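Asks: Below is the structure I would like to discuss, written out as structure tokens.
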Amino acid sequence: MDDTLISGPECGLENVDRVVHGIVKGKADAMLGFQGLLSRVGIDEPRLGRIANVTASTTLSHYTHKQLVGSVEASVKAGFDGVAAHINLSSDGEPDMLRILGQVQRECEVYQMPLLVITYPRKETVNGVENYLDLKNNNPAEYLRLLRHGVRLAADLGADVIKTQYTGDPETFKKVAAVSYDVPVLIAGGPRVPEEQALQVASDAVSAGARGVCFGRQVHLSDDIPGFLRRLRHAMADRCVSRRPVALVTAESGRH
Amino acid sequence: MDDTLISGPECGLENVDRVVHGIVKGKADAMLGFQGLLSRVGIDEPRLGRIANVTASTTLSHYTHKQLVGSVEASVKAGFDGVAAHINLSSDGEPDMLRILGQVQRECEVYQMPLLVITYPRKETVNGVENYLDLKNNNPAEYLRLLRHGVRLAADLGADVIKTQYTGDPETFKKVAAVSYDVPVLIAGGPRVPEEQALQVASDAVSAGARGVCFGRQVHLSDDIPGFLRRLRHAMADRCVSRRPVALVTAESGRH
Amino acid sequence: MDDTLISGPECGLENVDRVVHGIVKGKADAMLGFQGLLSRVGIDEPRLGRIANVTASTTLSHYTHKQLVGSVEASVKAGFDGVAAHINLSSDGEPDMLRILGQVQRECEVYQMPLLVITYPRKETVNGVENYLDLKNNNPAEYLRLLRHGVRLAADLGADVIKTQYTGDPETFKKVAAVSYDVPVLIAGGPRVPEEQALQVASDAVSAGARGVCFGRQVHLSDDIPGFLRRLRHAMADRCVSRRPVALVTAESGRH
Amino acid sequence: MDDTLISGPECGLENVDRVVHGIVKGKADAMLGFQGLLSRVGIDEPRLGRIANVTASTTLSHYTHKQLVGSVEASVKAGFDGVAAHINLSSDGEPDMLRILGQVQRECEVYQMPLLVITYPRKETVNGVENYLDLKNNNPAEYLRLLRHGVRLAADLGADVIKTQYTGDPETFKKVAAVSYDVPVLIAGGPRVPEEQALQVASDAVSAGARGVCFGRQVHLSDDIPGFLRRLRHAMADRCVSRRPVALVTAESGRH
Amino acid sequence: MDDTLISGPECGLENVDRVVHGIVKGKADAMLGFQGLLSRVGIDEPRLGRIANVTASTTLSHYTHKQLVGSVEASVKAGFDGVAAHINLSSDGEPDMLRILGQVQRECEVYQMPLLVITYPRKETVNGVENYLDLKNNNPAEYLRLLRHGVRLAADLGADVIKTQYTGDPETFKKVAAVSYDVPVLIAGGPRVPEEQALQVASDAVSAGARGVCFGRQVHLSDDIPGFLRRLRHAMADRCVSRRPVALVTAESGRH
């Protein structure tokens, strides 16, 4: 649930209480959001993990250059179960994000705090933000290479869990999941799609080696969040190759 | 009262003693200013809160990029009741202000110091400072989206109180106040308007969910500061949806 | 005596011993210089205050962007009586100088060390350094506004003494001295003028509310430093509106 | 084994387990990689040294400007036997890498941790990355000078081992090895070549004063890693002028 | 002996042992070099001082912007007798070097470590490095002014010894030596000249107030280092106006 900082409280996250209630009722494994939200929203469900995103940017300025806005120490003190840091590969701010990621990882080591690394290929150009969607369609091998690069980089720098984008089909995603040194990989949801399609993606991804999903808008925009989360678990359980599929919800409105 | 650093001691703040006297007499809830002023101006009214702005810039250079000029620790030692940090969304300096805001918030957490976040959409362009006033008039939905974005960002990053701009009418401002996770939202005053209009704005804002106002020039430029503050309280009390409306005075001359 | 770092040991400061001897003999209140000089030059006059300038730049590169070259802690340990920090309003380096000034002020607070803030409107342009002398002549109201802005900023950020430029006449300088929250304001000397004119400026300034002067070249270039300082005191004593006029000597050759 | 962070898990390092198994079986002296990999990959061979690369960049953005992503303290705590830092001479980021190298070296001194410095002439130009291969062919004397410069710089800054590129023949490489103040110099492998050629290069290099090799792709892409490593040791042992030739494997896929 | 980091191990410093042996035998007062060299080269002559240069750059990138690569604390721990920091006046990196110099000086104060400041007028232009040699020939008064500026700046910032360039004749150099507040000034050697000329320069410089010389290439490139150093001492002793002339050798190959 950390999208609202990034592009504003649109996309179903205006009413956070409704979303959080649904997430708890749907028994998601964990919620990912910024420290302010997760400290304030009353969550009386100890089984729901809480992960603090300690990096941020907005769509309004230098969107692909995430800054350090939190700390592992503060997250531990506030009672979080893990922290997340985001790195955009190929961005002009990549060197700075590498430095930040290293710093967060070392602090995680000191506090024995699990670290989720969010890694996307993304950069700013004179024409706006480049998410490599054209590349995904026109040169899927090169797009696959970008995702693999990001996943391996995250594993190399000490991630405990990695979130990345889905390639679009299980055959190619196997090649992404294969390069993480057994670090669990979760797939992002992206723009909302019909529920059946989202369930199919989740099912395919876990069959290809993903450990689970980390969805945002797919959840927030659902009219029946608990039901969707149950169906999501069911869809993943059927085909998961990992021990137990994970459903993590990004409590941030808008796009990451 | 922190505008004088920003654009000089114009706009009624040349004679600070008169303004402070009026603020105390008019029973404002708190004064917001820079550490130098609030440490020097003799205030023998314990009920008047004092909030130190720890970020600054001037209209003379990189106006929309606020720098860290104070610290929470120093503010605590100097006897302040809270600190404020300012972030301009969409500014080229936004990433740096995100970093600073995160740092101030963590220090506030350590010292249990309340944090007021001032959030405006504002950037510098080759043509000067862009305050999105044209957008406000020509595309109010997009302007509303900017204000909501700023308010949610402040809440996400751990604000205890948020100051932002007024949309212009209570119907739209409801949509701003709704996205703060119950963090109190105060509205800024902007350029001076006739007193009746200022009272109407305050009244409308609190009816729409604002917790109160954080006015500067509306107060400093008044010939009868205590009277204006009393009438302001009265206007807000009539229609406030919150527990108790707040009147906070920005003791900084000029524009923020 | 901190000009030699800035533009070289010209303007009467080649022979520092002569100048220091004259300053001591003329009973100046304090000397302002860099740490290296003031630590080395033997001064056996306990009544002469020593103020360490902890910020520096040279005329050879980024002249209007002062860097932090000292620290309050080191100045205290070296036995100084105060520190000085310089900020050029409107310079491209202004945000960084705001940050530095805030840092120095907080350290002064910790060590209970008096802080002199030197504030000038000054920036670099493609045509060289802009000191706003044309503005002073052609639009004195706007120049006045710049000086007031700088003085109030310094007071807002916690200065104990402020050094700024003279407006040129006592009527306008009153409006500068009025905005400092009673923080003492000293005027700079600028390029050398005939002694009578310098004495008149000092006399006018204190009659307008300045607490005294902080002269450099007017002193160093004098053939009779002790005599000039005595005449300076006399000229200020006659018309001073403050408790006791202050004569402080900038022991830095060249321009600040 | 630190190339995967840099250009992705291609070049034989997709299946890290196979490579690590081969390295252990082939009795390499040490493995060089990023902290994440080396902490995760189970290595039950105490005689295989592990060296953590604490600097990183990727081929996707500012490739020749390595950032600090780890620390000596964290590497010591994680049980590594040494750390590595990479500096690209002539890169626009060279000054920053000099600063980082100095910082890492001082931390190594405190923890008595051996420091491997990787030094290549490399920079980014508008046409892409300049590795000076044209220079190597067209002006070998100047290329030699660049390598010598890098090796001496690493020795001057306190390297305990230096990795650099091979000149191409033993006569010229003698002039590289001669300038390291007896700090052991290892040669990099570069793009994969036929095994016989790689063995010849290793043999020539140690005959010219190199202490050994630090190969990546030559190892990862081999079908018979243990065999290749044994043949490599044998080839070096025959002609080595140092005490004992060293075979170190870079466990990073792609190009450094 | 710190030139090899800067432009490579050319100019007589390939074989450091020969140079060090000659320096010891010739009874130089001290050697200046980088920490790596001076820690490794075995020197069993306690009377030879060792000075660690804690700033560095190379001729390959941003040559005139020296970075901090060492620390005073580390130099003290490694047994050095002093540290050196280099500042290039007029360089675009001058503000950063001022900041670094201030930092090194304060650390020297804490550890009571002597500080040698190397100060040259030097900057990068689109046409390459500007050493002001044309200015020296065509406008010697302005060149003199630059040298005086640098020497006074070093003294202002707390240097214990200053190294700068020679003006070319004793008459003008007197004006350089005169502005250092009695801080000893050493002259640099520059490109190698015939021995008789180097001895004349040294003799002239000390007669003009220099405390001695800090030569690099004049020493390294000599076929008879001990003999040259003895003749150098002799030439200086004859005309020195200081207590005892100093011969310091820069153990860095190439140009500073």
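Asks: Exactly one condition in (1) under 14 Å from E:Leu186 (Cα atoms); (2) part of a helix (DSSP H, G or I) is false for E:Glu171; which is it?
Replies: (1)
Asks: Look at C:Asn88 and say whether it is more than 10 Å from chain E (Cβ to nearest Cβ) and surrounded by 20 or more Cβ atoms within 10 Å (Cβ to Cβ).
Replies: So C:Asn88 passes the test.
Asks: Something else now. Check the stretch E:97-117 and report whether any residue there is modelled with pLDDT of 95 or more and closer than 21 Å to D:Leu89 by Cα.
Replies: yes
Asks: OK, next. Quick one: in the stretch A:93-123, of everything that is among the aliphatic types (A, V, I, L, M) and part of a helix (DSSP H, G or I), which residue is nearest to the other protein chains (Cβ to nearest Cβ)?
Replies: Among those that are among the aliphatic types (A, V, I, L, M) and part of a helix (DSSP H, G or I), it is A:Leu98.
Asks: Residues of the stretch B:174-192 being touching a helix residue (DSSP H, G or I) at 6+ places or on another chain (Cβ under 6 Å) and under 21 Å from B:Gln218 (Cβ atoms), which ones?
Replies: Of everything in the stretch B:174-192, those that are touching a helix residue (DSSP H, G or I) at 6+ places or on another chain (Cβ under 6 Å) and under 21 Å from B:Gln218 (Cβ atoms) turn out to be B:Val176, B:Val185, B:Ile187, B:Gly189, B:Arg192.
Asks: List, please: which pairs have Cβ atoms under 6 Å, are six or more places apart or on different chains, and start with a residue in the stretch A:137-156 that is within 11 Å of another protein chain (Cβ to nearest Cβ) and closer than 16 Å to A:Gly168 by Cβ and end with one that is of a type in the set (Gly, Ala, Ser) and not in a helix (DSSP H, G or I)?
Replies: If the second residue must be of a type in the set (Gly, Ala, Ser) and not in a helix (DSSP H, G or I), the pairs left are A:Arg145/D:Gly8; A:Arg148/D:Gly8; A:Val151/A:Ser180.
Asks: Identify the single condition in (1) of a type outside the set (Gly, Ala, Ser); (2) in contact with a Pro (Cβ under 6 Å, 6 or more places away or on another chain); (3) more than 10 Å from every other protein chain (Cβ to nearest Cβ); (4) over 19 Å from B:Thr58 (Cβ atoms) that C:Tyr132 does not satisfy, given that it satisfies every other one.
Replies: All conditions are met except number (4).
Asks: Moving to a separate point now. Output yes when any residue across the stretch D:1-10 is more than 10 Å from every other protein chain (Cβ to nearest Cβ) and touching a strand residue (DSSP E or B) at 6+ places or on another chain (Cβ under 6 Å), and no when none is.
Replies: no
Asks: From A:Arg99, A:Arg50, grab the single residue that is basic (Lys, Arg) and crowded, with 20+ Cβ neighbours inside 10 Å. Break it down stepwise before answering.
Replies: Details: A:Arg99 fails: crowded, with 20+ Cβ neighbours inside 10 Å.
That would be A:Arg50, the only listed residue that is basic (Lys, Arg) and crowded, with 20+ Cβ neighbours inside 10 Å.
Asks: Could you tell me whether the stretch D:159-167 includes any residue that is within 11 Å of chain E (Cβ to nearest Cβ) and either in a helix (DSSP H, G or I) or surrounded by 24 or more Cβ atoms within 10 Å (Cβ to Cβ) (or both)?
Replies: The answer is yes; a qualifying residue exists.
Asks: Among E:Leu38, E:Leu68, which is within 10 Å of chain D (Cβ to nearest Cβ) and buried (at least 22 other Cβ atoms within 10 Å of the Cβ)?
Replies: After applying the criteria, what remains is E:Leu38.
Asks: Could you list, in sequence order, all residues of the stretch B:71-85 that are without any contact (Cβ under 8 Å) to a residue 40 or more places away in the chain, more than 7 Å from every other protein chain (Cβ to nearest Cβ) and surrounded by 21 or more Cβ atoms within 10 Å (Cβ to Cβ)?
Replies: B:Val83, B:Ala85
Asks: Of all residues in the stretch E:207-226, which are in a helix (DSSP H, G or I) and of a type in the set (A, V, I, L, M)?
Replies: Correct list: E:Val219, E:Ile225.
Asks: On to the next question. So is B:Val76 touching a Gly at 6+ places or on another chain (Cβ under 6 Å), hydrophobic (A, V, I, L, M, F, W, C) and under 21 Å from C:Cys108 (Cβ atoms) or not?
Replies: For B:Val76, the condition - touching a Gly at 6+ places or on another chain (Cβ under 6 Å), hydrophobic (A, V, I, L, M, F, W, C) and under 21 Å from C:Cys108 (Cβ atoms) - is not met.
Asks: Would you say E:Pro114 is surrounded by fewer than 18 Cβ atoms within 10 Å (Cβ to Cβ) and under 15 Å from the mean Cα position of the chain (by Cα)?
Replies: yes
Asks: Follow-up question, since we're still on this one. Taking the stretch A:222-253 as the search range and keeping residues that are touching a strand residue (DSSP E or B) at 6+ places or on another chain (Cβ under 9 Å) and within 14 Å of chain B (Cβ to nearest Cβ), which one is modelled with the lowest pLDDT?
Replies: Per the criteria, the residue is A:Glu252.
Asks: Working only within the stretch C:174-221, note down all residues that are within 14 Å of chain B (Cβ to nearest Cβ) and either touching a residue at least 12 places away in the same chain (Cβ under 8 Å) or within 25 Å of C:His21 (Cα to Cα) (or both).
Replies: Scanning the stretch C:174-221 gives C:Lys174, C:Lys175, C:Val176, C:Ala177, C:Ala178, C:Val179, C:Ser180, C:Tyr181, C:Val183, C:Pro184, C:Val185, C:Gly209.
Asks: Sticking with this structure for a sec: Going through C:Asp182, C:Asp156, C:Asp134 one at a time, which residue ends up being farther than 30 Å from C:His234 by Cα and out of contact with any Leu (no Cβ under 7 Å at 6 or more places or on another chain)?
Replies: One residue alone meets the criteria, C:Asp134.
Asks: Inside the stretch C:41-65, can you point out the residues that are more than 13 Å from chain E (Cβ to nearest Cβ), farther than 18 Å from C:Val104 by Cα and not basic (Lys, Arg)?
Replies: Once the filter is applied, which keeps residues that are more than 13 Å from chain E (Cβ to nearest Cβ), farther than 18 Å from C:Val104 by Cα and not basic (Lys, Arg), the stretch C:41-65 yields C:Asp44, C:Glu45, C:Pro46, C:Leu48, C:Gly49.
Asks: Go through (1) away from chain C (no Cβ under 14 Å); (2) more than 22 Å from D:Asp160 (Cβ to Cβ); (3) surrounded by fewer than 24 Cβ atoms within 10 Å (Cβ to Cβ) one by one and return the number of the condition E:Ala28 breaks.
Replies: Among (1) away from chain C (no Cβ under 14 Å); (2) more than 22 Å from D:Asp160 (Cβ to Cβ); (3) surrounded by fewer than 24 Cβ atoms within 10 Å (Cβ to Cβ), E:Ala28 violates only (3).
Asks: Scan the stretch A:9-18 for residues that are within 17 Å of the chain's Cα centre (by Cα) and crowded, with 24+ Cβ neighbours inside 10 Å and jot them down.
Replies: Of everything in the stretch A:9-18, just one residue is within 17 Å of the chain's Cα centre (by Cα) and crowded, with 24+ Cβ neighbours inside 10 Å, namely A:Leu13.
Asks: Only one of (1) surrounded by fewer than 19 Cβ atoms within 10 Å (Cβ to Cβ); (2) charged (D, E, K, R); (3) modelled with pLDDT of 95 or more fails for E:Glu94. Which number is that?
Replies: (1)
The values are calculated or read from the model by the stated rules, or taken from the named source; none is laboratory data. No experiment lies behind these values; they were computed from the predicted model shown. Quick reminder, even Gly has a Cβ in these numbers, built from the backbone with ideal geometry, and neighbours come from all protein chains shown.
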